[in-house]
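Below is one structure, written out as structure tokens; comments come after it.
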There are 2 protein chains.
Amino acid sequence: MGASKTEIHTPSQLQIAEIAKVLSHPARVAILEHIAKQQDCICSDLVDEIGLSQPTISQHLQVIRNAGLLTGNFEGKRLCYCLDADRFNEFQSLLNQFFNTTAAQCC
Amino acid sequence: MGASKTEIHTPSQLQIAEIAKVLSHPARVAILEHIAKQQDCICSDLVDEIGLSQPTISQHLQVIRNAGLLTGNFEGKRLCYCLDADRFNEFQSLLNQFFNTTAAQCC
DNA sequence: TAATAATATTGCAATATTACGATGATACAT
DNA sequence: ATGTATCATCGTAATATTGCAATATTATTA
């Protein structure tokens, strides 16, 4: 069918999958890295840095934004996207929780 | 186009995306959790535990196997899939490396 | 207000993913 | 050998993702 059967999984499993999906495209990994290290990071910078068109970057940004990983600070005429460090750390901690509990039970 | 432009990204970015892709479906998260905690984990057990058909489970298992996360021990007439703990730990450590270096540079 | 710059949205084509029924392949038991 | 159980593969349908050109939106500047 192509659509995931979400209703058969636990909230925790769905959460891990959602987090992982954000990181499951190299362009989004690149965008996150670039946003983190730039003070004044805007979309056109990303278009220059990463070799994708402006609409495509914007689309990836939306995925990242929907995951709650962006804080937008408007400064002057340009947007300043900023990584939401709290949410980012939450991602890391939830993933580590999954890895730790899963590995601990391994036969 | 639907296909990712892999050539424009760094090996490290591609690696993170590949790892995340394995975890980006709740069924695979569930399979990993179940495989880790069972001594005698086989496909038909997974079919019973998770609410998906045997071919679908088998397909997800292949993704997990291709990522190097499975060690298969044949015991009697049933397969005993086992989580490759080393590879699993490597996944965790690479993800943490990404999170730590990225967060450290955040504005 | 008009022009410009930056980002978002829309529409569409190509490809990937998810899921399952049908069918194979393999190993064990009778 | 024949049957049965377990798992893999094939074929196919439905849906999702990726990417870009064209266009819209928004904010700033002249």
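No lab work stands behind these numbers, since they all come straight from the coordinates. All values reported here derive from a predicted model rather than from experimental measurement. Cβ atoms come from the backbone with ideal geometry, glycine included; neighbour counts cover every protein chain shown.
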Nothing charged except the Cβ atoms of Lys and Arg (+1) and of Asp and Glu (-1): what's the magnitude of the dipole of chain B about its Cα centre? Round to the nearest 20 debye. 220 debye
Using Cα atoms only, what is the angle between the long axis of helix A:85-104 and the major principal axis of chain A, expressed in degrees (0 to 90) to the nearest 10? 20 degrees
So, in nm and shortest first, the distances from A:I42 to its counterparts in the other copies, with label points 7 Å along Cα→Cβ, work out as 6.2
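Which three semi-axes in whole Å describe the equivalent ellipsoid of region A:11-98, each the square root of 5 times a Cα gyration tensor eigenvalue, listed largest first?
Equivalent-ellipsoid dimensions as semi-axes: 24, 14, 10 Å.
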Would you pull out the residues with amide H under 5 Å of A:Y81's amide H, same chain only if 5 or more places away, H placed 1.01 Å from N? A:C41, A:N73
With +1 on each Lys and Arg Cβ and -1 on each Asp and Glu Cβ, how big is the dipole of region B:18-76 about its Cα centre, in debye rounded to the nearest 20? 260 debye
How far, in nm to one decimal, is B:R87 from itself in the other copies if the label point is set 7 angstrom along Cα toward Cβ? Shortest first, please. 3.3
Per DSSP helix of 4 or more residues, -39500 (n - 2.57); summed, then divided by the residues of chain B. What does that give at 222 nm, rounded to the nearest 500? -19500 deg cm²/dmol
With one decimal in nm and the nearest listed first, the spacings from A:T6 to its own position in the other copies, using label points 7 Å along Cα-to-Cβ, are 2.9
Magnitude of the charge dipole, the protein assembly as shown, Cβ model with Lys/Arg +1 and Asp/Glu -1, debye to 20: 300 debye
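Please compute the net charge surrounding B:L70, taking Lys and Arg as +1 and Asp and Glu as -1 over other residues with Cβ under 9 Å from its Cβ.
Around B:L70, the charge tally is +1.
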Excluding residues on the same chain fewer than 8 positions from A:K5, give the aspartates and glutamates whose Cα lies under 16 Å from its Cα. A:E18, B:D48, B:E49
